[in-house]
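Have a look at the structure below, then the notes.
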Amino acid sequence: MALFTAFFDEADTHGPSPTLIMAGFLGDARQWETFDTALLDLQRRDGFSIFHVEEFKGKSGEFAGWSDAKCMGLINDLTHLVRDTLTHGVAVHLEHDRY
């Protein structure tokens, strides 16, 4: 038997966007430990504590002053981190009028 843990988060349930997004990732305990260690390295390297997409997109908060190249580098690194350490990822969208 294998035990997996999934984490889900939503975006734009209360915002002006016409679509809300929910994403989730699945991994076992060893995979999450590997993920967390590598994520902490990225956070320390780039100087952020929490990846809030609204701040990231707006280059505000911890992401203020970031260049486009630095932003794209972090997205690339996060994408590879998820791909290389976790079992599955899923993202879904739902129009607000159906929510």
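The values are calculated or read from the model by the stated rules, or taken from the named source; none is laboratory data. Predicted, not measured: the structure shown is a model, and the values here were computed from it. Cβ sites come from the backbone with ideal geometry, for glycine too, and all protein chains shown count toward neighbours. The accessibility values were calculated without ligands, DNA or RNA, using every heavy atom of the protein model including side chains. Shrake-Rupley method; radii C 1.70, N 1.55, O 1.52, S 1.80 Å.
Among the residues making up segment 56-73, those that are assigned to a helix (DSSP H, G or I) and either within 13 Å of the chain's Cα centre (by Cα) or at negative phi (or both) are Phe56, Lys57, Gly58, Glu62, Phe63, Asp68, Ala69, Lys70, Cys71, Met72, Gly73. Here are Ala2, Ala11, Ala38, Ala29: which of them is surrounded by 15 or more Cβ atoms within 10 Å (Cβ to Cβ), within 20 Å of Gly89 (Cβ to Cβ) and modelled with pLDDT under 95? The match here is Ala11.
Scanning segment 55-96 for residues that are among the acidic types (Asp, Glu) and out of contact with any Asp or Glu (no Cβ under 9 Å at 6 or more places or on another chain) returns Asp68, Asp84, Glu95.
Is there any pair with a first residue in segment 68-90 that is free of Cβ contacts under 8 Å to residues at least 60 places away in the same chain and a second that is in a helix (DSSP H, G or I) and of a type in the set (A, V, I, L, M) whose Cβ atoms are under 6 Å apart and which are 6 or more apart or on different chains, and what are they? If the second residue must be in a helix (DSSP H, G or I) and of a type in the set (A, V, I, L, M), the pairs left are Asp77/Leu42; Leu81/Ala38.
If I filter segment 41-55 down to residues being part of a helix (DSSP H, G or I) and open to solvent by less than 30 Å² (accessible area, probe 1.4 Å), which single residue comes out as farthest from Leu78 (Cα to Cα)? Even if it seems obvious, please write down each step before you answer.
The initial filter retains those residues of segment 41-55 that are part of a helix (DSSP H, G or I), namely 41-46, 53-55.
Then keep just the ones that are open to solvent by less than 30 Å² (accessible area, probe 1.4 Å); that gives 42, 46.
Numbers: Leu42: 8, Asp46: 12 Å.
Among those that are part of a helix (DSSP H, G or I) and open to solvent by less than 30 Å² (accessible area, probe 1.4 Å), it is Asp46.
When Gly58 is tested against (1) open to solvent by less than 60 Å² (accessible area, probe 1.4 Å); (2) over 30 Å from His96 (Cα atoms); (3) modelled with pLDDT under 95, just one condition goes unmet, and that condition is (2).
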